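Single-structure report; data block below.
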Amino acid sequence: MSIETLKNRLPEYAKDLKLNLSSLATEATLTEQQRAGTFVASALASRNADVTASVIAEFGPKLSPEALTAAKAAAAIMGMNNIYYRFTHLAEAADYKTMPAKLRMNVIAKPGVEKVDFELWSLAVSAINGCGMCIDSHEKIVRQGGLSAEAVQAAVRIAAVVHAVAATLDGEAAVQNEQVAAAA
């Protein structure tokens, strides 16, 4: 699979997603590693097998093995952290905010790639998962690491489009399944 295959599977009403996938695949604001890793981490966070397979087929070869592993690790660790820290932020009881997480997060300290790239991927996943506390934390680190607001925006645009593609394909699959069931 590839991005072209993915675009061809999108219905006509999702033409804007097709166009955005094409333009973001060559987004010049990010380095190739940043762009490819953001696509991979976002696809994994979007939880759609076809989107993940297509994105990894397209962008995996543009990453070193270490960078591919780090992009996957960003999606994995943020899948955990976004739930935990969103809870601490949303819970009314203040004591949760001061308690240590007691969750292993070693990959954040040694991601195997440039810290700023791993943090950018973590930011994109946090945007998909809707954790404001994590968004703020990772955005601050990438900006301190020298990335511009435009680079942050580009990564979040990738996350938004990849997630929208996954949601659209999931919705279309649900409609097809319902139509098949109704015909049976």
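No lab work stands behind these numbers, since they all come straight from the coordinates. The shown structure was predicted, so the numbers you read here are calculated from the model rather than taken from an experiment. Cβ: placed from backbone, ideal geometry, glycine included. Neighbour counts: every protein chain shown.
Across the stretch 142-152, computed HN-Hα scalar couplings (Karplus, 6.51 cos²θ - 1.76 cosθ + 1.60, θ = phi - 60°) run 5, 5, 5, x, x, 7, 7, 4, 5, 5, 4 Hz from first to last residue, x flagging Gly and Pro. Projecting the Cα atoms of T5, L169, S46 onto the charge dipole of the chain (Cβ charges, centred on the Cα centre) puts S46 farthest toward the positive pole.
Sorting I141, I135, I83 by the number of Cβ atoms found within 10 Å of their own Cβ, with the fewest placed first, yields I83, I141, I135. Placing a label point 7 Å from the Cα of K97 along the Cα-to-Cβ direction, the residues of the stretch 110-147 whose backbone N falls under 16 Å from that point are 132-137. Under the convention that each Lys and Arg Cβ holds +1 and each Asp and Glu Cβ holds -1, the size of the dipole of the chain around its Cα centre is about 400 debye.
Taking 1.002 mPa s as the viscosity and 20 °C as the temperature, the Stokes-Einstein diffusion coefficient of the stretch 47-120 based on its alpha-carbon Kirkwood radius rounds to 151 µm²/s. Each of F87, F59, F39, F118 was scored by other Cβ atoms within 10 Å of its Cβ. Listed from fewest to most, they are F87, F59, F118, F39. When both the stretch 145-174 and the stretch 57-105 are represented by their alpha-carbon centers, they are found 17 Å apart. Taking 0.36 nm per residue of separation and subtracting the current Cα-Cα distance, fully stretching the chain between N8 and E178 would add 59.0 nm.
Taking other Cβ atoms within 10 Å as a rough exposure proxy, H89, H138, H163 sort from fewest to most as H89, H163, H138. With respect to the chain, whose longest principal axis is taken over its alpha-carbon atoms, helix 15-24 is tilted by about 50°. Averaging the sequence gap over all C-alpha pairs within less than 8 Å and six or more residues apart, then dividing by the number of residues, gives the chain a relative contact order of 31 percent. With a ≥ b ≥ c taken as the square roots of the eigenvalues of the C-alpha gyration tensor of the stretch 1-103, please select rounded if a/c is under 1.5 and otherwise prolate if a/b is larger than b/c or oblate if it is not? In terms of gyration-tensor shape, prolate.
Our helix-only sum for the chain, with -39,500 (n - 2.57) per DSSP H run of n ≥ 4 divided by its residues, gives a mean residue ellipticity at 222 nm of -24500 deg cm²/dmol. Over the Cα atoms of the stretch 142-184, the radius of gyration divided by the Kirkwood radius equals 1.42; this is the Rg/Rh ratio. Cross-linked pairs K7/K62; K7/K140; K18/K102; K18/K72; K15/K140; K15/K110: Cα-Cα separations exceed 31 Å for K7/K140; K18/K102; K15/K140; K15/K110.
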